[in-house]
Amino acid sequence: MEDARRYAAEGVAIDPLFWFARWGYAWAALLGGEFEIALKQMRDAAELGGGEPLHILFLGIFSAYTGRLNEACGFFGRAVDAGASGISTVAAALRALFRRETQTAAEFLGNQALRDFATLDKEVSWWLAGACGYAGLTDEALHWLGNSIELGFVNHHFFSTIDPFLATLRREPRFAALMERAREKQRAFKV
């Protein structure tokens, strides 16, 4: 994480008007648990990037991590309205989960297009894991967290100590097994 923060800051210093540099800085801050800094950087990135549907989705995610769930759901709604198919579906599912609208969320989670999309994307899988954890859907949360790890998101420190939406899962034996799997994959990556 120290390297990520250093490189992200370097990217912003080199080109402060390139939205992608701010985006990288925002992610490094988020994964380091600096949620307010992450949101500020993501707001800057979205402004520089022109407010594309993907940026709006990210603003929702980053707002959720600062505890601003109403704001997050507002951004998810805007992403739904933007109509970009995959982004719209993910945003609608996240909005339902963070509103704890379990019936609506179950319909989205049963949508094969969403499942196919999330199965191939480690970040979407992680977002679904966190939102499902928040909504109390433990089995779905663990499924998506496991998928995220299998796809290569192996930041077990973030999952096991920082991510507030995974807190309820941490007492689950299956969560401990997933964290061990993440550690194994991270060790293999370092070699």
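Bear in mind that the values in this text are calculations on the coordinates, not laboratory data. A quick note: this is a predicted structure, and the numbers were derived from the prediction, not measured. All Cβ positions, even for glycine, are placed from backbone atoms using ideal geometry, and neighbour counts span all protein chains on display.
Going from the residue with the fewest nearby Cβ atoms within 10 Å to the one with the most, 132, 73 rank 73, 132. Potential lengthening of the chain between residue 100 and residue 187 amounts to 27.7 nm, from the contour at 0.36 nm per residue minus the alpha-carbon distance. When 65, 7 are arranged by Cβ crowding within 10 Å, least crowded first, meaning fewest neighbours, the order is 7, 65. In units of the rule-of-thumb radius 2.2 N^0.38 Å, the chain shows an alpha carbon radius of gyration of 0.99.
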